[in-house]
Amino acid sequence: MDFDINLMKDERCTLVRVQGDIDVVSRARFEEALFEVVDAGEPMVVDMRQVTFCDSTGLNAIVAANRRAGQHGGTVALVALPPRVQRVFRITGIDKFVPIYDTLREAIGALPSTTA
């Protein structure tokens, strides 16, 4: 499946919708989009429901974006990982430090409040 990525902004976060394989071919484009959001200091939710495969380069991009978000005071959350993809996150332990939610509503609800 071809890789595609779309960014949608609202008042709470930037939603990053990913489709297809996250691998060595798509990693640069994926990482660039994640870093763009993180560097803007915005909370980011990555919707992975249409991800068909994620290799170590994709995992590394998510880990790097999460680390970078922490340095900028931002947050990264993943949502709706297909079972095959979620298994990779569980086996590697990435699910221990990058929050993964079943639904978009849960992910957005867990974001820090923007009201003072």
## Note on the structure
Long-range alpha-carbon pairs in the stretch 30-89, meaning those over 15 Å apart, account in percent for 46 percent
### Task
Return the long-range amide H neighbours of Ile100 (sequence gap of 5 or more, or a different chain), with a cut-off of under 5 Å between placed amide H atoms.
Leu78
### Query
Residues of the stretch 4-107: accessible area per residue at 1.4 Å, in Å²?
52 Å²
#### Entry: Residues whose placed amide H lies under 5 Å from that of Thr52, excluding near-sequence neighbours
Gly20, Asp21, Ile22
## Note on the structure
Scoring only Lys, Arg, Asp and Glu (+1, +1, -1, -1) among other residues with Cβ under 9 Å from the Cβ of Gln50 yields 0
### Query
Based on DSSP, what percent of beta bridges with both residues in the chain are antiparallel, to the nearest 5?
30 percent
#### Entry: 20 °C / 1.002 mPa s Stokes-Einstein diffusion coefficient of the chain, Kirkwood radius on C-alpha pairs, µm²/s
154 µm²/s
### Task
Quote the relative contact order of the stretch 4-107 in percent (integer), defining contacts as alpha-carbon pairs under 8 Å separated by 6+ residues.
26 percent
## Note on the structure
Whole-percent carbon and sulfur contribution to the accessible surface of the chain (1.4 Å, no ligands, DNA or RNA) stands at 49 percent
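The values are calculated or read from the model by the stated rules, or taken from the named source; none is laboratory data. Just so it is clear, the model here is predicted, and its values are computed rather than measured. Neighbour counts run over all protein chains shown; Cβ positions are idealised from the backbone, glycine included. SASA here: full protein model, heavy atoms, side chains in, ligands and nucleic acids out. Shrake-Rupley method; radii C 1.70, N 1.55, O 1.52, S 1.80 Å.
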